[in-house]
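The block underneath contains the structure these notes are about, expressed in C-alpha cells.
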Amino acid sequence: MKKPFGIMLAALALGSAALALAADAPKPTPSRPPTAADWAALAKLPDWSGVWEVDWRGQRRVAPPPAAAGAAGGPPRMMRAQMKLKPQYQAMAAAYRAGRQKGENIQGEGANCVPPGLPGIMSQPYPIEFLFTPGKVVVLIEAYMQFRHIYTDGRKHPDDPDPTFMGDSIGHWEGDTLVVDSVGFNDTVQITPGVPHSDKLHIIERIRKVDPEWMEIQTTLDDPDVLEEPYTTTASFHHLNDDIREYICVENNHDSTDDKGRPGFSVEDKK
C-alpha cells in the first residue's frame, strides 16, 4: 500500500533534521594508527610503571613554599593554599559544615556509589595506575572502578564539551612533568564539600615522579564565578608493589552492619 504523500514529506523532513543535527554535533578528532616510531617514542617518557597511592598515612612531607618553611611541626604531607570562596559560596560551605556538626550531611553521594569526579577522585585512598599509549595517557583508578583519558596528541578542547565526572582532559609534556588541562564537569562535581562549581571550572594538574618511590601531583582549580583566586594543592603519592583491584559498589545499597555483622541503619525501617 502506498504511503500518503504528506507522511512521506514529514518523514523526509525528520530525516533531514536528523542529518542536520548530526552535522552540527561535535566530531571526534581523527587519529591515524600509531606507527612503530610512535611506540618507540614512549620509551623516552618517564617510567611511571606500577601503581601509586596517595600518601594518606603521612609518610612523606611535601616541600613547603618559602613562606611556610618555618611553620611549627614541619610542612604537612599535602600543601594547600587557603581556599578563598566568593561570599555566596562561603555561606554554602558554612551551612554545610554547620549541618555536619548537627549530624546532617554525614554521607555524600559516595554512599550511593556516585564517584566524586575530578579532582576528588585523584585523592581517594585507593591506588591509581598510568598507562602510556601513543597520543594518550590513561589513568586507572581503583576507587569506583574509574578511568581517565588524557589526550596528548595535540588536540584542543571541544567548543562545547559534554559535562562529565572527569571532564575533557588534554595534556602535554614539559620535560618529565605531564601537564593536564581539564574542563567540562557535570553538576555532581564540587569545588569543596557542599559547594558547587560553575561552567567555568578549569583544572590544571602537574604530575611528576620526584624519585623512584614518590610522585607529586600539583592541582590548581580556577573558577572565577566561585573562587576569589585559583586554589592549589600538592599531594604525594607513593609507589606500591601491588595491582589495581576490583572495586564493586552497589547503587542505593542503604543497609549497613556493625562490627559483628548485625544489621544497622535501614532506610526501609525509617519508612
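The values are calculated or read from the model by the stated rules, or taken from the named source; none is laboratory data. Here the structure is a predicted model, which means the values were calculated and not measured. Don't worry about glycine lacking a Cβ; one is built from the backbone with ideal geometry, like all the others, and counts go over all protein chains shown.
See the values below:
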{"quantity": "Single match in Pro125, Pro115, Pro87 (criterion: out of contact with any Gly (no Cβ under 6 Å at 6 or more places or on another chain), surrounded by 14 or more Cβ atoms within 10 Å (Cβ to Cβ) and at pLDDT 90 or above)", "calculated": "Pro115"}
{"quantity": "Residue match in region 193-208 (condition: modelled with pLDDT under 95 and not in a strand (DSSP E or B))", "calculated": "yes"}
{"quantity": "Where a residue in region 133-158 is within 19 Å of Pro33 (Cα to Cα) and its partner, wherever it lies, is of a type in the set (Lys, Arg) and modelled with pLDDT of 95 or more, with Cβ under 8 Å and at least six apart", "calculated": "Val138/Arg148; His149/Lys136; Ile150/Lys136; Tyr151/Lys136; Thr152/Lys136; Asp153/Lys136"}
{"quantity": "Condition check for Gly103: buried (at least 16 other Cβ atoms within 10 Å of the Cβ) and of a type in the set (Gly, Ala, Ser)", "calculated": "no"}
{"quantity": "Those residues of region 164-192 which are under 12 Å from the mean Cα position of the chain (by Cα) and in a loop (DSSP other than H, G, I, E, B), in sequence order", "calculated": "Phe165, Met166, Gly167, Gly184, Asn186, Thr188, Val189"}
{"quantity": "Residue list for region 96-105, filter: within 15 Å of Gln190 (Cα to Cα) and at pLDDT 85 or above", "calculated": "Tyr96, Arg97"}
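Here is a yes/no grid of residues against (1) β-branched (Val, Ile, Thr); (2) free of Cβ contacts under 8 Å to residues at least 40 places away in the same chain; (3) surrounded by 14 or more Cβ atoms within 10 Å (Cβ to Cβ):
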| position | (1), (2), (3) |
| --- | --- |
| Met166 | no, no, yes |
| Thr177 | yes, yes, yes |
| Gln190 | no, no, yes |
| Lys200 | no, yes, no |
| Arg208 | no, no, yes |
| Gln218 | no, yes, yes |
| Asp222 | no, yes, yes |
| Asn241 | no, no, no |
| Cys249 | no, no, yes |
